[in-house]
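Accompanying notes for the structure given below.
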């Protein structure tokens, strides 16, 4: 029995067909799930494609050239497959999607019709609608370097190269008092200066919110006690005892990079780039024209002021 694309084409040419659609979704945390609109489970490529998930897809729009392939996946929220908690936590954002047209009587006869990622997800009435973006969507991203005064790297990434595992730049400890999923109170945190974690990252390592993170807005030390506040509340609850990690913050200034992290050789900003006032300036006979701060002459007001 022939299989693959040629086998499926021969099967479709026979008139009476037994075809269904199947989708494999791999989340960024490594979890992989299979779905099908057939009334029985399908098995191929080491994946079980479940039939009881209620997932379906609209017609795939495929084009030539660099136009985007796109479609949508529709389904119901269930406790076993796609849960509302996982969507709120962002665990499905950017997940890899593959979609086949498959002969359910002989799954070896199949054709990969779509490969891409999950985009925007909308929840309503106990169901969800997920946008599926084709591979050409990656070509629609801004490219090139941004020239700006502050550093454009993310602390600890491949451009910054700073090692956040060094002593004194992060702490892992159980959550104590948590308010509104954005305010974390600790009775004793020693060894870190006041505001050390501002603009840093707070990541949840265990519990219902494991894998989530937020950016620190305020970090205040009062003796050994500490108050850490995030810019936005985490979408899932953090309970007392859940393990969290708090990393040092960086305000992107060259002074901070040099003094706080001793990492100025990897600074990715342009601190001497002319500002907006210099771009709108005009040449003068006197003074310095070196791109530095402009001195605006004081206006004379009152009797004797020039007209």
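When the stretch 145-155 is limited to residues that are farther than 13 Å from residue 262 by Cα and in contact (Cβ under 8 Å) with a residue 12 or more places away in the chain, the one that is surrounded by the most Cβ atoms within 10 Å (Cβ to Cβ) turns out to be 151. Report whether or not residue 164 is outside the structural domain of residue 217 (by TED's automatic domain parsing), in a loop (DSSP other than H, G, I, E, B) and touching a strand residue (DSSP E or B) at 6+ places or on another chain (Cβ under 7 Å). In short, yes. Between 92, 23, the distinction of being under 20 Å from residue 116 (Cβ atoms), assigned to a loop (DSSP other than H, G, I, E, B) and either within 27 Å of the chain's Cα centre (by Cα) or at pLDDT 85 or above (or both) belongs to 92 only.
Report, by residue number, each residue of the stretch 235-251 that is assigned to a loop (DSSP other than H, G, I, E, B) and either surrounded by 18 or more Cβ atoms within 10 Å (Cβ to Cβ) or more than 22 Å from the chain's Cα centre (by Cα) (or both).
First, pick out the residues of the stretch 235-251 that are assigned to a loop (DSSP other than H, G, I, E, B): 235-242, 248-251.
Passing the criteria: 236, 238, 239, 240, 241, 242, 248, 249, 250.
Checking the conditions here, which among 187, 124, 177, 130 is exposed (fewer than 14 other Cβ atoms within 10 Å of the Cβ), in contact with a strand residue (DSSP E or B) (Cβ under 7 Å, 6 or more places away or on another chain) and free of Cβ contacts under 8 Å to residues at least 60 places away in the same chain? Quick ask: steps written out before the conclusion?
On the way: 124 fails: in contact with a strand residue (DSSP E or B) (Cβ under 7 Å, 6 or more places away or on another chain); 177 fails: free of Cβ contacts under 8 Å to residues at least 60 places away in the same chain; 130 fails: exposed (fewer than 14 other Cβ atoms within 10 Å of the Cβ).
Criteria check complete, one pass: 187.
Just one of (1) assigned to a loop (DSSP other than H, G, I, E, B); (2) touching a strand residue (DSSP E or B) at 6+ places or on another chain (Cβ under 8 Å) fails for residue 145. It is (2). The set of residues in the stretch 39-56 being at pLDDT below 90 and either crowded, with 16+ Cβ neighbours inside 10 Å or part of a strand (DSSP E or B) (or both) consists of 50, 51, 53, 54, 55, 56.
Being surrounded by fewer than 14 Cβ atoms within 10 Å (Cβ to Cβ) and in a strand (DSSP E or B) is a condition met by at least one residue of the stretch 201-215.
Being surrounded by 16 or more Cβ atoms within 10 Å (Cβ to Cβ) and in a strand (DSSP E or B) is the filter here, so list the residues in the stretch 108-118 that pass it.
110, 111, 113, 114, 116, 117, 118, listed by residue number.
Taking the conditions (1) part of a strand (DSSP E or B); (2) touching a helix residue (DSSP H, G or I) at 6+ places or on another chain (Cβ under 7 Å); (3) modelled with pLDDT under 90; (4) within 25 Å of residue 42 (Cα to Cα) in turn, residue 132 satisfies each one other than (2).
Could you say which residue among 226, 195 is closer than 26 Å to residue 257 by Cα, touching a residue at least 12 places away in the same chain (Cβ under 8 Å) and outside any loop (DSSP other than H, G, I, E, B)?
226
Taking the stretch 169-206 as the range and being at pLDDT below 95, at positive phi and more than 24 Å from the chain's Cα centre (by Cα) as the test, only 191 passes.
The values are calculated or read from the model by the stated rules, or taken from the named source; none is laboratory data. Source: prediction; values computed, not measured. No Cβ is skipped: glycine too gets one built from the backbone with ideal geometry, and neighbour counts run over all protein chains shown.
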